[in-house]
Amino acid sequence: MKPEISQEQLNAFIDGELDLIEKDRLFVALEGNPELAHQLCTLRAVKEMVSHGYADPPPAHRNNRPRQFAMSHYLATAMVLVLGLAIGWLGRDWSSPPRPAQLTQNHAAMLRPISLAGVKPDTRKIVLHVDSDQPVKLKTLFDDVDYLLQHQTTAGRPVQIEVIANNYGLDLLRADVTPYAARIDELARQHTNISFVACGQTVRRLTKEGVKVELLPQARVAPTAIGEIINRLQQGWTYIKV
């Protein structure tokens, strides 16, 4: 019998407040429960849409971060979602905010609604999305990766993981910046079921600003992080924002 998951637990998962054991319990509950998986996806997307909509975009200086916007009560009552809009906001590169006209031109394709109707969620295929270089976020990322690769395999539920990095999170995959090169190399050599994807849009922006971007050999480049996430969602992958 699969464990019951409350609305509060779903919100806590989205806010990164569950420990590893509680996360495992949630993954077990998601298996074979498309309705619960869809509910989680909807809550996640609403959180991304509204938190980006209400946060102050950070200026170019890397040390300034957008303020946070508490959404727990809103998420508990949200029933309607324009998924295309939510994912469009999720994919925004806030470090160099465009003018409204540029936003319309540059992100028109992202703002088109997408459909997940008929998609069967697969909780053993997981996208971990990181857009921050904050140490606590990166530690959470590797804690989740280690747990999923080791515990889930031991439990007879092996997973496939794709780590997608954009915005500030691209530093994770930059050879001249990341402090995790050895750990990523070790993970890639020991596990064939994990891959790392860099956002081409972030790479292009940094290059345009005069930054030489050299990526780790384990990273492949997708045209955009959001495009990669959309493709994975439409293939049934489970999306987790770190």
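Bear in mind these aren't lab numbers, they're just calculated from the coordinates by the rules spelled out. Because the structure is predicted, anything quoted here is derived from the model rather than measured. Cβ atoms come from the backbone with ideal geometry, glycine included; neighbour counts cover every protein chain shown.
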* Asked: If you put +1 on each Lys and Arg Cβ and -1 on each Asp and Glu Cβ, how big is the dipole of segment 113-241 around its Cα centre, in Debye rounded to 20?
  -> 320 debye
* Which of the listed residues, 148, 231, 200, is farthest toward the dipole's positive end in segment 113-241, when Lys, Arg count +1 and Asp, Glu count -1 at the beta-carbon? -> 231
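With a/c under 1.5 counting as rounded, go ahead and sort segment 113-241 into rounded, prolate or oblate using the C-alpha gyration tensor (a ≥ b ≥ c being the square roots of the eigenvalues; past the cut-off, prolate if a/b is larger than b/c, else oblate). Please list the in-between numbers first.
Working: a/c = 2.15, a/b = 1.23, b/c = 1.75.
Here segment 113-241 falls in the oblate category.
May I ask you to order 186-198, 168-180 by the average number of other C-beta atoms within 10 Å around their residues, highest value first? Present the calculation step by step, with values, prior to reporting the outcome.
Values: 186-198: 15.8, 168-180: 19.5.
The packing order, highest mean first, is 168-180, 186-198.
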* Asked: Among 120/241; 125/212; 23/212; 23/208; 23/120, which pairs are too far apart, with a Cα-Cα distance over 29 Å?
  -> 125/212; 23/212; 23/208
* Structure fact -> Per the rule of 0.36 nm per residue minus the C-alpha distance, extending residue 204 to residue 31 adds in nm 58.5 nm
* Between residue 211 and residue 189, what is the spin-label point distance in nm, taking each point 7 Å from the Cα along the Cα→C-beta axis? -> 2.9 nm
* Sort 223-232, 206-215 for me by packing, meaning the mean count of neighbouring Cβ atoms within 10 Å per residue, highest on top. => 223-232, 206-215
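On a full-extension model of 0.36 nm per residue, what is the gain between residue 153 and residue 6, subtracting their alpha-carbon distance, rounded to one decimal in nm? Don't skip to the end; give the middle numbers.
Details: separation 147, 0.36 × 147 = 52.92 nm, distance 2.60 nm.
Value of the extension gain: 50.3 nm.
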